[in-house]
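Have a look at the structure below, then the notes.
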Amino acid sequence: MKMMTQDRGLGELLVTAGKLDADGLDMATREHAKTGERLGSILVKMGLVEEEDVLKVLAQQLHVPYVKLSELTIRKEVIEKIPAKLVNHYHMVPIDQYNGTIRVAVSDPMNVHVLDDLSLVIKLEVEPVVASTKEIDDAIKKYYGIGADTVEGLIEDRGAEGAVDLQADVTNIDDMAEDASIVRFVNQIIAEAMADRATDIHVEPLESELRVRYRIDGMLYEAAIPPTIKRFQSAIISRIKIMADLNIAERRLPQDGKIKIKNQDKEFDLRVSTLPTPYGESISIRILSRDSELVSLDKLGLDDHNLKILRKMINKPHGILFVTGPTGSGKSTTLYASLSEINTIDRKIITAEDPIEYRIPGVTQVQVSPTIDLSFARVLRTMLRQDPDVIMVGETRDPETAQAAIRAALTGHMVFSTLHTNDAAGAVSRLLDMGIEPFLVASSVEGLLAQRLVRVLCKECKHTYTPSPEVLRRLSLNNLNTEGAIFMKPGGCEKCRYTGFRGRTAIYEIIKIDEEIKRLIVDRQASNIIKKAALASGMRTIREDGWLKVREGTTTIDEVLRVTMEDEFGGSAYDGE
């Protein structure tokens, strides 16, 4: 009865605070009477209030402080007072210690049994403060590391010396790779990467540590893992190799494999690559969602000017469109969006890809496999016997593929492909370097598109600022109009995991191959001459396109400068605020 009164008091305080209406309270109270579950939990589950609001009122009711763990720095000696196993078991985190008392953050301060049990185990007085479930989870990962309780259990079960010896014993490592704790730890690493929207996981053995990093929005971030995990390095690497169906006994040669997994009803393909190093095998895992929705051209980041040009190019009856840029710049996404746009019942579309990243209904997609001599060039030659209208070649990486693509374009097919060059005009030089005759390039290529990806500012925490006069001067020297521009900079909040950015968008430059540019190609003119001609005919450079997104408040000056590679503009755009 006491609990019922306390719960009712909580509900009435939420109503008084304007966080809940009377009807919502009545509905939740009836559910509480039926199930006996705490009113605060019911209110959060029903979506009537946020957990933070419930906890603040509960803290007020119990005369216990409410804290934001993300705003605290917890000392190492405090963290060491409570083992990871207890922290995860009781779902709490220590934040301070004084005079024989340890202060811990909990999300359920009414569960006094947890506090009593903890006090008995660590032999200290326990003083609770209130924090949200998510903040406690984040703090555990930050200060103890992902899977810290799993690692503690491994050390307890096998002992530190045994763990070290395992690195040199192939038979024991193979056995340990199937250990439930190792399996669980690897699963936690992968699950955490997916929760963080990572595109890649890097497991990197160093001399004195095993480092795990995630690539999120194009940038690498180190994952918090326990330092003691180095002891189980070989078992962890073997576990990943087993999952990818690789030879765990072969550690001297690179290997490639694939893992198929399901996470929250979504299917993923994980591309695994191993590389031998002096300190063990380095593993890179690319995360590809098999259920990813195709991005439409309208959502790529193209403005009306560039979108109109691209739509005209992809609807041509024949020719080649090359999309250029470094690895990870979104080239494949642009090609998929283009194919999706023109994927109609009256067009036969065939692709050669390595790997197939998106499934497009109605499109014949072929997975290239060099191990069985199924190369891009070989697939491309066979494609022409399939009566296609549109062909996509994942990458033009050798003269044979380039020759086959150009022949396909000259025989009445529309061909899409990618090249690794720094700008759009550089694609011409790349083709000529492959030995393609200039007149063939001029006759077949219809357009060249270069792109980069920039991080998008988090909508929740971005804010305006005024750059220094020096920064504005440098922008003007780069022919970027600053008049009337509103400059935004990253903040940092829970939504973006305190990076200030969430998601990415593309910036572009597009060259239309007109008669003047064809003449320059035939004359083997340098790429900078071709670029000047394209600028004279109205092309906007990647940097200028990025500047438009800065003015819109989509991204920052530093982001655009980071990916456009020119070095006229030194230092940070935030200097001298």
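The values are calculated or read from the model by the stated rules, or taken from the named source; none is laboratory data. Small disclaimer: the values here were computed from a predicted structure and weren't measured. Don't worry about glycine lacking a Cβ; one is built from the backbone with ideal geometry, like all the others, and counts go over all protein chains shown. Each accessible area value is taken on the protein alone, full model and side chains, heavy atoms only, with ligands, DNA and RNA left out. Shrake-Rupley method; radii C 1.70, N 1.55, O 1.52, S 1.80 Å.
Taking 0.36 nm per intervening residue step and subtracting the Cα-Cα distance, what contour gain separates residue 142 from residue 85 on full extension?
Numbers: separation 57, 0.36 × 57 = 20.52 nm, distance 1.50 nm.
Contour length minus the Cα-Cα distance gives 19.0 nm.
Which percent of Cα-Cα pairs in the chain sits in each 10 Å bin, short to long?
Percent of Cα pairs in each bin: 3, 14, 19, 21, 19, 13, 7, 3, 0, 0.
Need one word for segment 353-414: rounded, prolate or oblate. Basis is the Cα gyration tensor (sqrt eigenvalues a ≥ b ≥ c); a/c below 1.5 gives rounded, then a/b vs b/c decides.
Numbers: a/c = 1.74, a/b = 1.08, b/c = 1.61.
Taking the square roots of the gyration eigenvalues as a ≥ b ≥ c, segment 353-414 is oblate.
Return a whole-number percent for the relative contact order of segment 487-537, with Cα pairs under 8 Å and 6 or more residues apart as the contact set. Mind showing how you got there, number by number?
Working: 22 pairs, mean separation 10.9, N = 51.
Answer for segment 487-537 is 21 percent.
Segment 349-401: which trypsin sites (Lys or Arg not before Pro) are DSSP loop and have at most 13 other beta-carbon atoms within 10 angstrom?
Details: sites: 359, 378, 381, 385, 397; in loops: 359, 397.
Those satisfying the criteria are 359.
Roughly how many Å² of residue 213 are accessible to a 1.4 Å probe, to the nearest 10?
60 Å²
What accessible area, in Å² to the nearest ten, does a 1.4 Å probe give for residue 515?
140 Å²
Would you check the accessible area of residue 392, probe 1.4 Å, heavy atoms only, in square angstrom rounded to 10?
Spelled out: residue 392, probe radius 1.4 Å, area about 10 Å².
For segment 298-434, what is the accessible area per residue in Å² when the probe is 1.4 Å? Before the final figure, lay out the partial values.
Details: 5930 Å² over 137 residues.
For segment 298-434, the per-residue accessible area is 43 Å².
By the gyration tensor of its Cα atoms, with a ≥ b ≥ c the square roots of the eigenvalues, what is the shape of segment 470-516: rounded for a/c under 1.5, prolate for a/b over b/c, or oblate?
On the way: a/c = 3.96, a/b = 1.47, b/c = 2.70.
Oblate is the answer for segment 470-516, as a/c is 1.5 or above yet b/c matches or exceeds a/b.
How many percent of the accessible area of segment 447-525 is carbon or sulfur, using a 1.4 Å probe?
Details: 1860 of 4010 Å².
Reported share for carbon and sulfur atoms: 46 percent.
Mind giving me the FRET efficiency for residue 433 and residue 134? R0 is 51 Å, r the Cβ-Cβ distance, nearest 0.05 is fine. Could the numbers behind the result be given before it?
Details: r = 52 Å, r/R0 = 1.03.
Once the sixth-power term is evaluated, E becomes 0.45.
For the chain, calculate the relative contact order in percent as a whole number, restricting contacts to Cα pairs under 8 Å that are 6 or more residues apart.
Working: 970 pairs, mean separation 47.9, N = 577.
For the chain, the relative contact order is 8 percent.
If the chain between residue 518 and residue 187 were fully stretched, how many nm would it gain, using 0.36 nm times the residue separation less the Cα-Cα distance?
On the way: separation 331, 0.36 × 331 = 119.16 nm, distance 5.39 nm.
That pair, residue 518 and residue 187, stretches by 113.8 nm at full extension.
Please arrange 298, 304, 354 by accessible surface area, largest first, computed with a 1.4 Å probe and ligands excluded.
The ordering from most to least exposed comes out as 304, 298, 354.
With unit charges on the beta carbon (Lys/Arg positive, Asp/Glu negative), name the residue among 102, 454, 440 whose Cα is farthest towards the positive pole of the charge dipole of the chain.
Projecting each Cα onto the dipole axis, the largest value belongs to 440.
Determine the share of segment 212-333's accessible area contributed by carbon and sulfur atoms, expressed in whole percent, with a 1.4 angstrom probe.
C and S fraction of accessible area: 49 percent.
Enumerate the lysines that residue 532 could reach by cross-link, defined here as Cα to Cα under 17 Å, with residues fewer than 8 away along the same chain left out.
Once the sequence-local lysines are set aside, what remains near residue 532 is 512, 518.
Go through 107, 70, 208 and list them by solvent-accessible area, largest first, probe radius 1.4 Å. Intermediate values should be presented prior to the final figure.
Numbers: 107 30, 70 50, 208 100 Å².
Listed by decreasing accessible area, they come as 208, 70, 107.
Identify, among 273, 216, 310, the residue whose Cα sits farthest towards the positive end of the charge dipole of the chain, taking +1 on the Cβ of Lys and Arg and -1 on the Cβ of Asp and Glu, with the dipole about the Cα centre.
With unit charges placed on the Cβ atoms, the residue in question is 310.
Going by the alpha-carbon gyration tensor, a ≥ b ≥ c the square roots of its eigenvalues, is segment 282-423 rounded (a/c under 1.5) or, if a/c is not under 1.5, prolate (a/b greater than b/c) versus oblate?
rounded
Here are some pairs, 459/531; 19/141; 56/459; which of them have Cα atoms lying more than 29 Å apart in this structure?
Numbers: 459/531 35 Å; 19/141 31 Å; 56/459 25 Å.
Flagged as over cut-off: 459/531; 19/141.
Placing unit charges on C-beta atoms (Lys and Arg positive, Asp and Glu negative, everything else neutral), compute the dipole magnitude of segment 1-108 about its Cα centre in debye, rounded to 20. It would help to have the intermediate numbers written out before the result.
Working: 14 positive and 16 negative charges, 89 e Å.
Using Cβ point charges on Lys, Arg, Asp and Glu, segment 1-108 gives about 420 debye.
Express in nm, to one decimal, how much length is gained between residue 347 and residue 97 on full extension, taking 0.36 nm for each residue of separation and deducting their alpha carbon distance. Can you show the working numbers first?
Numbers: separation 250, 0.36 × 250 = 90.00 nm, distance 7.03 nm.
Going from the current span to full extension adds 83.0 nm.
If you split all Cα-Cα distances of segment 449-563 into 5 Å bins from zero, what percentages do you get per bin, shortest first?
Here the calculated profile for segment 449-563 is 2, 11, 18, 18, 16, 13, 9, 6, 4, 2, 1, 0.
Using R₀ = 41 Å, calculate the FRET efficiency as 1/(1 + (r/R₀)^6) where r is the Cβ-Cβ separation of residue 74 and residue 298; round to 0.05. It would help to have the intermediate numbers written out before the result.
Working: r = 46 Å, r/R0 = 1.12.
Here the calculated transfer efficiency is 0.35.
Cα centroid distance between segment 305-326 and segment 61-136, in Å?
58 Å
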